[in-house]
Amino acid sequence: MLAEELLALTLKKGINDVEVYQVNSYSRPLSFEANRLKQIESSQTTGIALRLWHNSRPALVVAYGDFNADDLITKAMTISALNEPEECLLNHEAKLIYPNSTSEPDVQSLITQGKSSIEHITEKYPDVIVSLDIEWETETTTLVNSRGLYCQQTDNSYSASLGVELVRDEDFLGIYDGVYSHQFLDLMPMMETIMQKLQWAQKNATLPKGKMPVLFTPNAVVTLWETVSEALNGKKILDKSSPWSQSLEKQVISPCLNVSQQPNLQPYNCPFDDEGTITQSLNLIDKGILKNFYTDKKTAKKLNIPNTGNGFRPSLGSYPTPDLVNLVIDKGNFSFQELIKNMGDGIIIDQILGEGADISGDFSFNIDLGYRVKQGEIIGRVKDTMTAGNVYQALLNVSLLGLDRVWSGSCYTPSIVIDSLSVITE
């Protein structure tokens, strides 16, 4: 059943405030394990979420695949009777359609590319075990409501994740990376990056205890930006759990840092949120000074500020809640090699084990992949090492920014150097 059909049927039941959100996806994943092709699959899913307000009482129900529409509507009405009344915040009439041509990829070509990539690595490092997952997916999202809103976007994407593992006696090394694209899949930059890291990790290096400069690569620094994202969340501002609740127009991080949302950037572009509001560029932090928060409709109304169009569903069965689109950090002036040279003696962190910091900002990270820098040169890999501190304090002490800005998930960030962090070795 189409979203429009479920909407019409619900309106016929005498319910005036209705929203239907539907996602149809089709994917072709293939995986390589232990240097060999293991599996080729195809997967198709359809999910639909019905949200309504019956006698001003809200309800949300979800169905996957084939379903009985009358039963779904009855279930929603039953659930609504259990909830307290609330204001219905639906967007009014608008038509936002973003089509995209869909053509299924040549699977044999992807297999050939995967095999060539693995051979490229194992020719130079024959002892490594390589895993590679490649996936093409097309996904159509449709959002309609009783106020005349119609939003639809079709998104085609290629993604790949590459892992290289090496066991030497009791020493285990794992290096991981990924790539995402709308147009085509180019695995070469990812492979070259992993091979460079393998070269740096050939020797182990000792590390003195204490405080020292720390270079976070884009892979690792995204953990810090996740905490910043939480601190900028309008919902956290509303309940005053963010340490920046009273910090608008105040210095919150280093003056060398500019942070923004840019929803039109490829490949994670997003024209509208899950409430049907057009997304917008946001200047969040300018030269370290807090300028804006991001909100969904409900949060914006409670804060008495304009809605920024950041209402997204964590899952099909969830209500919209504030979330960012394309967190972007301005790049700096230094190449990666120049960052290493300028930091002198210190450590590079590229992969972190465990969870990131909570909203308080306090962290204690186990370093999964890191390198020792001595006199401006990488001299080897560090093991059994942790770093600890506070995200907000650390970002006040950023001294250098790299030119090497890359996507880490939907965060577009350069490497950064923090002047001093505590490093603990076993």
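The values are calculated or read from the model by the stated rules, or taken from the named source; none is laboratory data. Here the structure is a predicted model, which means the values were calculated and not measured. So basically every Cβ, Gly included, is an ideal-geometry build from the backbone, and we count neighbours across all protein chains shown. Calculation scope for accessible area: heavy atoms of the full protein, side chains included, ligands and nucleic acids excluded. Shrake-Rupley method; radii C 1.70, N 1.55, O 1.52, S 1.80 Å.
Remarks
Residue-by-condition table, conditions (1) in contact with a helix residue (DSSP H, G or I) (Cβ under 8 Å, 6 or more places away or on another chain); (2) at pLDDT below 95:
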site: Leu2; (1), (2): no, yes
site: Thr46; (1), (2): no, no
site: Arg57; (1), (2): yes, no
site: Val62; (1), (2): no, no
site: Asp71; (1), (2): no, no
site: Lys75; (1), (2): no, no
site: Val107; (1), (2): no, yes
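- Every listed requirement among (1) over 30 Å from Asp171 (Cα atoms); (2) without any contact (Cβ under 8 Å) to a residue 60 or more places away in the chain is met by Leu90 save one, (2).
- Residue in the stretch 296-309 that is among the aliphatic types (A, V, I, L, M) and surrounded by 16 or more Cβ atoms within 10 Å (Cβ to Cβ) present: yes
- The stretch 169-187: number of residues that are more than 15 Å from Val382 (Cα to Cα) and either exposed (fewer than 13 other Cβ atoms within 10 Å of the Cβ) or polar (S, T, N, Q) (or both): 4
- Positions within the stretch 417-426 being part of a strand (DSSP E or B) and under 19 Å from Leu353 (Cα atoms), in sequence order: Leu421, Ser422, Val423, Ile424, Thr425
- Taken over the stretch 13-36, the criterion of being assigned to a strand (DSSP E or B), more than 30 Å from Gln108 (Cα to Cα) and open to solvent by 30 Å² or more (accessible area, probe 1.4 Å) is satisfied by Asp17 alone.
- Only residues that are open to solvent by 10 Å² or more (accessible area, probe 1.4 Å), in contact with a strand residue (DSSP E or B) (Cβ under 9 Å, 6 or more places away or on another chain) and more than 19 Å from Ile329 (Cα to Cα) were counted in the stretch 200-240, giving 15.
- Residue pairs whose Cβ atoms lie under 9 Å apart, sitting 6 or more positions apart in sequence or on different chains, and linking a residue in the stretch 386-408 that is within 26 Å of His182 (Cα to Cα) and touching a residue at least 60 places away in the same chain (Cβ under 8 Å) to a partner that is assigned to a strand (DSSP E or B) and of a type in the set (S, T, N, Q), are Arg405/Thr413; Val406/Thr413; Trp407/Thr413.
- Candidates in the stretch 88-105 are the residues that are surrounded by 11 or more Cβ atoms within 10 Å (Cβ to Cβ) and either small (Gly, Ala, Ser) or assigned to a strand (DSSP E or B) (or both); of these, the one that is nearest to the chain's Cα centre (by Cα) is Tyr98.
- Residue match in the stretch 242-253 (condition: β-branched (Val, Ile, Thr) and over 21 Å from the mean Cα position of the chain (by Cα)): yes
- Qualifying positions in the stretch 37-66 - touching a residue at least 12 places away in the same chain (Cβ under 8 Å), surrounded by fewer than 16 Cβ atoms within 10 Å (Cβ to Cβ), over 16 Å from Glu137 (Cα atoms) and not small (Gly, Ala, Ser): Leu37, Asn55, Tyr64
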